[in-house]
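Data first, discussion second: the structure below is written as structure tokens.
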Amino acid sequence: MENEMEIDDSHSKHRKEEKEGNGKALVVIMVGPPGSGKSTFCDLVMGASSRPWARICQDTINNGKSGTRAKCLSSAIAALKDKKSVFIDRCNLDKEQRADFVKLGSPEVDVHAVVLDLPAKLCISRSVKRTGHEGNLQGGKAAAVVNRMLQKKELPKLNEGYSRITICPSESDVEDAITTYSRLSSQDTLPSGCFGQKSSDAKIQVGIMKFLKKVDPPGSGSGSSMTPNSSPSLPVKEPKVRSEGSKPESFGGVSNEGEKEDPMAVESVADTVALTNSKDDSASLDTTDTLAFPSISTADFQFDHEKASDIIVEKVEEYISKLRNARLVLVDLTHKSKILSLVKSKAAQRNINPEKFSTFVGDITCLYSKGGMRCNVIANAANWRLKPGGGGVNAAIFSAAGPSLEVATKERANTLAPGKAAVIPVPADSPLFIREGVTHVIHVVGPNMNPQRPNCLKNNYDEGCKILREAYSSLFEGFVSILKRSEVQNHRGKRGNNASDQKMKREIVHVEERSKKNKGLKYEVGSGNTDLEQQNKSKSNVNSSKAWGSWAQALYSLAMNPEKHKSDVLETTIDVIVLNDIYPKAKRHILVLARLNGLDRLEDVCQEHLQLLKTMHQVGMNWTERLLLEDDSLIFRLGFHSVPSMRQLHLHVISQDFNSPHLKNKKHWNSFNTEFFRDAVDVIEEVEKFGKPSIQDEGLLSKELRCHRCKSAHPNIPRLKSHINNCKAPFPATLLQNGRLVQGTTKTDADS
DNA sequence: GTTCTAGAAC
DNA sequence: GTTCTAGAAC
């Protein structure tokens, strides 16, 4: 047994056993497909490390030939007995493969995972080129093996039993990890947690990334379908993930001759490559948000095409600047479409950027699968009852989406007035989502000129044009609201997430539209902000939709009658009251309370409160300065909770140590360390620009726990707290910008 | 917002 | 057995 073991011994005799310090042995489980560089990783660390290491390599453990998992286990146990740390150098791609090795952990032995999560194409090319690999995985077969293995890939999670996980999505991350482990002496331990994960769970990415696969260009309009051909053979060719893959008709009359590529590469490798590539920047190529919309009211509702096309172009022009990188596409079924050609020529006349707005001939329910155009949002020319059927686009969309869209629609609105729009997240089980990648349907009801249909305007085009304009405004506003929310999602994605797959999947699809307030109304988008303003004005402090519990009134009564609570108050002005938070969540945690009656929370804030917000911020800054005089090692952040628990708008001024016994649970942590916390500077800027601050969903409060500095994930509050006590990583760049963090003048950016 | 506690997770 | 979370009550 012993003599069969292939264990690379390095430096094992160089050091005497450490009597002092933690001196824990390590089991480092390498995770990665062939060609990811596991052996090289181990060799480099072992060559440089002062810690005694053994490398247990399944490929060579049996007298240079491959052995079994059991053999690796017994060798690892033997090495640990010998006070060595061990590398488990095998693919370990799924949880089950790793489980036995995780069990090697004990009070004396920490178990780590190091994931070499490099792009599949890189591993494949390394494997293919490899000539002297110990596992004899050479030549053409390599690619097939790598692909097959990656399909089973399951990223390790902390709850499998690791004290630390390092994920290396790029070669530079691998180098960093090599350095980290090389420097590890026998006494050293590394901080626990999950490091380096940049994307959300890969399993979700597969679904999303499929939309990035190259498809044929949409040809003559109805679109050619994707090549179904799938050859498992090699050589492997890099599939091109294209953003311009299927261009809609552009106004310049450019023809759509797509270059031909090896379809095999697309089908056989694309999934797995896309899967691993999902962590590359390149993978974000075709994630441009696109709204595909039919012409409203010009079909069954018989609206005049000339007038409608003017309005479409006018509204597109108006909204295009608000859309940043997003695109709008007007879709109709046939080339003969009069409305399409009218809009096309009018848009060209007005020099509307064809990158931002174009027309497309095809079926709006299968733009991706048949037309090769990825549109994450589609509009429906709905009827006022929001019911399926009736023919046309409405029937087609409800039918393509399956019954779940109708259910999702009914959850949010029962009817829709002409000119209004309703944003509906597409349920995850809908073919529209699964097959087409459509995340939202926006129902719009336009003006009706057809006497056979309800609400006929009897040729009153003054009213008709007004409603049609409103309809497009509502539609585009709805799209803008989706874009704003998806920005948050993207942030979350980049930060990574260890939440369960199912939960994440639900979040991605549904979280955007979830809200506690004004069910039914909330999803209806009126033109401009008028609805919201109306709501806020009419709301007053009495009929607020959310009732505040008696325990939630403390700040309110204090703001209204500060003289009754004198002892708690640090400062009172005509506009604000400053007090210590009675349950501080950090060394210093004070509140700046607005004194305006009726201004209960961030949601109530609008343009008229701009000056008050600035005052609150200024008072907060003044106090920050004072607190920094007492302790200039503190760093402060000033902001609001998106959805506060206590009534009366209050600004938190909180030091970023979060060192407090009152910080006890996930909600506490996430309320200050996710986008749920809205920096005062951002709120002020948004109110200046848009009249309202953006408010994030309470769902953020149940996100996994991540360090606010290094973004590593931690399984529970105590572990997070022990991590943040020591984490000296710099703050994320976004926090260092725009004065979101406030620190003493002696501090520099490098210190933070 | 907190406290309390059942029961899940370790 | 102990630790930790999450939901209900306040």
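The values are calculated or read from the model by the stated rules, or taken from the named source; none is laboratory data. Computed from a prediction, not measured in an experiment: that's the story for all the values here. Here the Cβ positions follow ideal geometry from the backbone for every residue, glycine too, while neighbour counts run over all protein chains shown. The accessibility values were calculated without ligands, DNA or RNA, using every heavy atom of the protein model including side chains. Shrake-Rupley method; radii C 1.70, N 1.55, O 1.52, S 1.80 Å.
Some notes on this structure:
- FRET efficiency for the pair A:N561 and A:Q302, taken as 1/(1 + (r/R0)^6) with r the Cβ-Cβ distance and R0 = 45 Å, rounds to 0.10.
- The calculated FRET efficiency for the pair A:K484 and A:N351, based on their C-beta separation and a Förster distance of 25 Å, comes to about 0.35.
- Between segment A:89-124 and segment A:365-385, the Cα center-to-center distance that results, in Å: 42
- If the segment from A:T415 to A:S341 were pulled out straight at 0.36 nm per residue, it would be longer than the present Cα-Cα gap by 23.4 nm.
- HN-Hα J in Hz across segment A:436-445 - Karplus 6.51, -1.76, 1.60, θ = phi - 60°, x for Gly and Pro: 9, x, 7, 9, 9, 10, 10, 7, 10, 10
- A cut-off of 5 Å between modelled amide H atoms, ignoring neighbours fewer than 5 places along the same chain, links A:Q743 with A:F636.
- Modelled spin-label separation between A:Q452 and A:S172, with each label point placed 7 Å from Cα along the Cα-to-Cβ direction: 6.4 nm.
- Extension gain from A:A552 to A:K614, taking 0.36 nm per residue of separation minus the Cα-Cα distance: 19.8 nm
- Computed from point charges on the beta carbon alone (+1 for Lys and Arg, -1 for Asp and Glu), the dipole magnitude for segment A:29-71 about its Cα centre is near 160 Debye.
- For segment A:547-743: accessible area per residue (Å², 1.4 Å): 42
- Residues whose placed amide H lies under 5 Å from that of A:L570, excluding near-sequence neighbours: A:V578, A:L579, A:N580
- Per-residue 3J(HN,Hα) values for segment A:399-414, derived from phi via the Karplus relation 6.51 cos²θ - 1.76 cosθ + 1.60 with θ = phi - 60°, read 5, 5, 7, x, x, 5, 5, 5, 4, 4, 5, 5, 4, 10, 7, 9 Hz in sequence order (x marks Gly and Pro).
- Look at where the Cα atoms of segment A:399-468 and of segment A:27-88 average out, and the two centres are 60 Å apart.
- Of the residues A:D657, A:D462, A:D89, A:D575, the one with the largest accessible area comes first in the ranking A:D462, A:D575, A:D657, A:D89, computed with a 1.4 Å probe on protein heavy atoms.
- Taking the centroid of alpha carbons for each part, segment A:585-634 and segment A:179-194 are 41 Å apart.
- When nucleic acids and ligands are ignored and a 1.4 Å probe is applied, A:I124 ends up with an accessible area of around 0 Å².
- Amide H contacts of A:N62 (H built 1.01 Å from N, under 5 Å, at least 5 apart or other chain): A:G67
- Per-residue Karplus couplings for segment A:476-482, computed as 6.51 cos²θ - 1.76 cosθ + 1.60 with θ equal to phi - 60°, are listed in order as 6, 4, x, 5, 4, 5, 5 Hz, Gly and Pro entered as x.
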